[in-house]
Structures are given as structure tokens and as C-alpha cells.
Amino acid sequence: MPKLILIDDHAILRSGARSLIERHVAEVEIVEADSLAETLRQLEGGFDADLAVLDMMLPDADGEKSLSVLRARYPTMPVIILSGSEGAESAMLEKGAAAFVPKKGDSLEIVSAIYAVLAGEAYVPGTFEEDLALSGISERQRALMKLCGEGLTNKEIGRELGISDNTVRAHLAILFRRFGVKNRADLARFAGNGA
């Protein structure tokens, strides 16, 4: 069961992100924090997080400081940056973030980022116009596209990848939007041409 700490000073955003993550990440345990200080209290109090989702702007620290503190104190805990700022991706990844997810992006990007990071992969979302090889999709999404091309059902793909049907559907929804396709057949054709 993955353990995640969700760090954002906006209660409504935390609640929405928590609901989305709980719906798509199987058996996840989540604690919330509204500041860097509260995050450290939770972690020092015994919550052994496998992953942190960190908002770039907290009331007691900016994203760089928060990331630096977390990386220094908990070097094995990957951190996903959640940000409304454009253009901060490279700086945050260079400073040790495992993934960067823009708040303006698809709401399911956070789910893809969590699965990628838990699998030991980096994750940076791409755009519809980018080439498939450069689009930032995770290895799991590449595998899912390949299995779609082989004609497997969602249930079969889920069994093959060790994920739930809901998670397969979430990944497919992201991939459909990312590549501007409407169905699995189009996605499989796109993967065959671009991968």
C-alpha cells in the first residue's frame, strides 16, 4: 500500500487532489499538510511516506526551499512538484524533483505521475504536438499503448501491468487527450507510427 503526503495550503485543492488520487491509485494511504512545517511534523511524527506531492507555493516556504529541505531530510522519498507556474520544470527537476505536474494540465496527470514515480521513473507531462518519443509519457503508458496495439482488453492490460481497470481507463483518457485520438484503435495506430 503506497503512502503519500499531499502538501498544499489550499484545503479545497488538497481535497480535490486527494479524491482524485484515492479514486485511481489502489489502496493509497494519504495524509495532508498545509505548510512545510506541518509536513515535517507529519514525517517526523512517524508517517513513513513513499512519496510527496508538493505545491510550489506554501505560506512558509517557496517550492525550491521546500524541495531542498525534503530532499536533504528524506533523500529516498521522491517528490512530485505540483505547480501553477510555467517554466519551472527544468529547475525543479535539476534540484531533485522526481516529477513536475502543472495545475493547468489534465487532472489525471497527477495519477500518471504517481504511478511513474512509484515505479522509479521520472515524469514530465508533454503536449499534444510533441513527438511520441519526447512527450513525457511514462514507461507504463508506453507499455499500455503497446498492449492496446496487441488488442488486449482493459482487464487484460490491467492484469499484465498489475494495475486496476480504473487505472487503465485513467491512463487511456490521458493518452487519448494527449495525442488527439478518440479510441483505442487510433491510439494503437498512433503508437505504431510514433513509438
- So how much slack lies between S90 and D106, counting 0.36 nm per residue of separation and subtracting their Cα-Cα distance, in nm? 3.8 nm
- Query: Which residues' amide hydrogens lie under 5 Å from the amide hydrogen of E32, considering only partners 5 or more residues apart or on another chain, with H built in the peptide plane?
  - Reply: L6
- Estimated FRET transfer efficiency when R0 is 22 angstrom, pair E150-D48 (beta carbons, to 0.05): 0.05
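Estimate the FRET efficiency between L13 and R169 by the formula 1/(1 + (r/R0)^6), using the beta-carbon distance for r and 30 Å for R0, to the nearest 0.05. Write out the running numbers ahead of the final one.
Details: r = 24 Å, r/R0 = 0.79.
That pair, L13 with R169, gives E of 0.80.
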- Table column - 3J(HN,Hα) (Hz), the range 106-118, Karplus curve with 6.51, -1.76, 1.60, x for Gly and Pro: 4, 4, 7, 4, 4, 5, 4, 5, 4, 4, 4, 5, 4
- Whole-Hz couplings from phi, Karplus 6.51/-1.76/1.60, listed for the range 31-36; x for Gly and Pro: 10, 10, 9, 10, 7, 5
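Between R23 and D62, what length in nm is gained on full extension when 0.36 nm per residue of separation is reduced by their alpha carbon distance? Intermediate values should be presented prior to the final figure.
Values: separation 39, 0.36 × 39 = 14.04 nm, distance 2.91 nm.
Full extension of this stretch gives 11.1 nm more.
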- Item | Amide H contacts of S83 (H built 1.01 Å from N, under 5 Å, at least 5 apart or other chain) | V101, K103
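Can you give the FRET efficiency for N183 and E121, using 1/(1 + (r/R0)^6), R0 = 25 Å, r = Cβ-Cβ distance, to the nearest 0.05?
0.40
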- From the list [x] 18.3; [y] 17.1; [z] 17.6, can you say which value of Kirkwood radius over Cα pairs in Å was derived from the structure given? [y]
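Where a number appears in this text, it was derived from the coordinates with a stated rule and is not lab data. Keep in mind that this is a model prediction, so the values were computed, not measured. Using ideal geometry, Cβ is built from the backbone for each residue, glycine included, and neighbour counts are taken over all protein chains shown.
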